[in-house]
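Structure, as structure tokens:
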Amino acid sequence: MRDVFVRLEPRTRSADIEPGLAARVWDAAWLLGRQWVLGELDGEDGGTPVHADVQVTSHALETVERGGAVQRYDPQAMPLQAVIEAAPSRPGGWTLRRKLDTGLLLAQRLRAAGHSSQLSGVLRAHHLDGAAAPGEPTAAALHALALHRVPDGEKVYRAVRERGYGARWASAAGAALRAWADEVDRRHAPAAASAPSAWQPQRLEYRFAVGAAGLPEPLQAVEHHGTDLDWHGFDLGNPSGAGGLTGGRTTQHAAVPTPIRFAGMPEPRYWTFEQAQVDLGAVEASATDLARMAVLQFAFDYGNDAFLVPLRLAVGAVHRVERVMVSDTFGLAPTLLPGAVRAPSPAGAAPRQGWSFLAPLAADGRPSDLLFVPPVAAHVLRGPDLQDVRLMRDEMANLVWAIEHAVEGETGAPLDRAQALDRQVPQSFTPPVVGDLRYVLQTRVPSNWFALELAAGLPRILRLAMVAPSSEQPAGGLLRGVQRTGVHDEEVSRAGVRLREAEVLARWFGGTSLNWRRVERAVGRGEGSSGLQFDLATTQPPLP
């Protein structure tokens, strides 16, 4: 017997299109039969969850380890980035702008406390030096304007911190001076920037760890590039995961599970119109796109079987869901839901590898059963690039070049190194020489280009070397750190590396404003050429 398929179309014989669009069904028995044919009456013997009791154990962060030193850390006081990324302004001392800003702030605080008479003595004892910054006309003009008018904030700060300057003053004036020094710390050096830095010049990245009471091993972050910091940047150092987790603060949460919803989610009912915002059916997946196929299968087959239980968890803590009890519409005893990682294996089967979402990994690669909510500032305001250093490979010269495009100037603004060098060297026209050839052993490169040579031995380390004749030294702190320690050869790929340092501003709990400077690592612009040549015969005069 041949099957006959009939399609119903909403047509009407009248001039009104409303009856056809309504598609009314007058025969209820036919509708039930149609649902039976399509399998809509085949349901599972399972109830809908209506209540969930969740027990969570939390462990607040207490310590931060950076540069081999462990220090106390309060997540409520400041975000984690302000602790690990904090660094001094410049290795060579404060800029002229910072000296003047802190000096003016000192004058304001002393006047507000009624100690204006002390300003003249502070200015005589801690005045600005008479030399201006070479190669920076703006800084020279600013220095001449502030000379003998504004005290040197750096000198006063160091005198207060190192020699107890102001202790002989009246108690109120001394308290105002110490309060000023504390305010300078909050503005310019949060979280004790004098402590060992988490920045690793050899790896061109941040490395640090955070610890909590009851956690057997700290959570380690070994590849933080100064950009977004979240839970996926941390791993457990203990191979056993969180098996030794003890103590902590246990809380009970009661919530109503709600079905999850996402864009393009198929409707659970056949007779419901689908949304056209996201067309999951148009997603293409090859035989090797396992992750894409898994997401599609979840969306099409199991999307309406997933429920969400929202929990309010503390920021800056490691959490572990101990138990989830769910009650359904059948009114039976609550059901205990085991975790995906801790789910028991069937009898006689091998131990399960486990699967987890939003969980840090252990040292053996297995997921843990922890949920880490890092205390990070999600939205920060970023200033201009104070330092811009680019590392690129030069296959023709068989070298790696570190180029200082910009460094922090004395005015606190970025200083273009190429323009500064042009101002220092007088430009004069020299006519080309016509005559005998002149032998040149090696050509020169710009003074803000620094060669990195591969040192002998293992591991493969690139060391700063004066390959091209140059009297300049790195002016920025980024290359000075590389000059001291070198950098691993594998960190500089053929695409190159770009390092940028900038000031950032963020708000934390209670509306507290914090600013610090951080280094951001990004991919470079590929290989390049410096034009360095050897063994030349030329008629051109040597460069100055």
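Taking His115, is it within 20 Å of Arg163 (Cβ to Cβ), at pLDDT below 90 and in contact with a Lys or Arg (Cβ under 8 Å, 6 or more places away or on another chain)?
In short, no.
Pick from segment 117-159 the residues that are of a type in the set (Lys, Arg) and part of a helix (DSSP H, G or I): which of them is least open to solvent (accessible area, probe 1.4 Å)?
Lys155
In segment 447-469, which residues are in contact with a strand residue (DSSP E or B) (Cβ under 8 Å, 6 or more places away or on another chain) and at pLDDT below 85?
Ala465, Met466, Val467, Ala468, Pro469
State the number of residues belonging to segment 311-346 that are in a loop (DSSP other than H, G, I, E, B), open to solvent by less than 50 Å² (accessible area, probe 1.4 Å) and hydrophobic (A, V, I, L, M, F, W, C).
3
For segment 381-420: of the residues being touching a helix residue (DSSP H, G or I) at 6+ places or on another chain (Cβ under 6 Å) and open to solvent by 20 Å² or more (accessible area, probe 1.4 Å), which is farthest from Ala139 (Cα to Cα)?
Ranking the candidates gives Gly412 first.
How many residues are modelled with pLDDT of 80 or more and open to solvent by less than 40 Å² (accessible area, probe 1.4 Å) when one looks only at segment 160-177?
Counting residues in segment 160-177 that are modelled with pLDDT of 80 or more and open to solvent by less than 40 Å² (accessible area, probe 1.4 Å) gives 3.
When the residues of segment 203-224 are filtered to those that are assigned to a loop (DSSP other than H, G, I, E, B) and out of contact with any His (no Cβ under 9 Å at 6 or more places or on another chain), which remaining residue is least open to solvent (accessible area, probe 1.4 Å)? Steps first, please.
Quick first cut of segment 203-224, residues assigned to a loop (DSSP other than H, G, I, E, B) only: 203-204, 213-218.
Then keep just the ones that are out of contact with any His (no Cβ under 9 Å at 6 or more places or on another chain); that gives 216-218.
Working: Pro216: 57, Glu217: 72, Pro218: 38 Å².
Among them, the one singled out is Pro218.
Counting only residues that are modelled with pLDDT under 75 and under 17 Å from Pro268 (Cα atoms), how many does segment 17-38 have?
Here the count works out to 0.
From the set of residues in segment 287-307 that are in a loop (DSSP other than H, G, I, E, B) and either of a type in the set (D, E, K, R) or at pLDDT 85 or above (or both), which is farthest from Asp328 (Cα to Cα)?
Thr288
Please go through segment 261-310 and pick out each residue that is open to solvent by 80 Å² or more (accessible area, probe 1.4 Å), aromatic (Phe, Trp, Tyr) and under 29 Å from Arg323 (Cβ atoms).
Phe298, Tyr302
Check segment 225-234 and report whether any residue there is open to solvent by less than 60 Å² (accessible area, probe 1.4 Å), under 30 Å from Gln483 (Cβ atoms) and in a strand (DSSP E or B).
No, segment 225-234 has no match at all.
Find the residue count for segment 512-538, including only residues that are open to solvent by 40 Å² or more (accessible area, probe 1.4 Å) and more than 18 Å from the chain's Cα centre (by Cα).
Number of matching residues: 11.
Considering segment 253-282 alone, what residues qualify as being touching a residue at least 12 places away in the same chain (Cβ under 8 Å) and of a type in the set (Val, Ile, Thr)?
Once the filter is applied, which keeps residues that are touching a residue at least 12 places away in the same chain (Cβ under 8 Å) and of a type in the set (Val, Ile, Thr), segment 253-282 yields Val256, Thr258, Ile260, Val278.
The values are calculated or read from the model by the stated rules, or taken from the named source; none is laboratory data. Source: prediction; values computed, not measured. Quick reminder, even Gly has a Cβ in these numbers, built from the backbone with ideal geometry, and neighbours come from all protein chains shown. The area values use the complete protein model at the heavy-atom level, side chains included, leaving out ligands, DNA and RNA. Shrake-Rupley method; radii C 1.70, N 1.55, O 1.52, S 1.80 Å.
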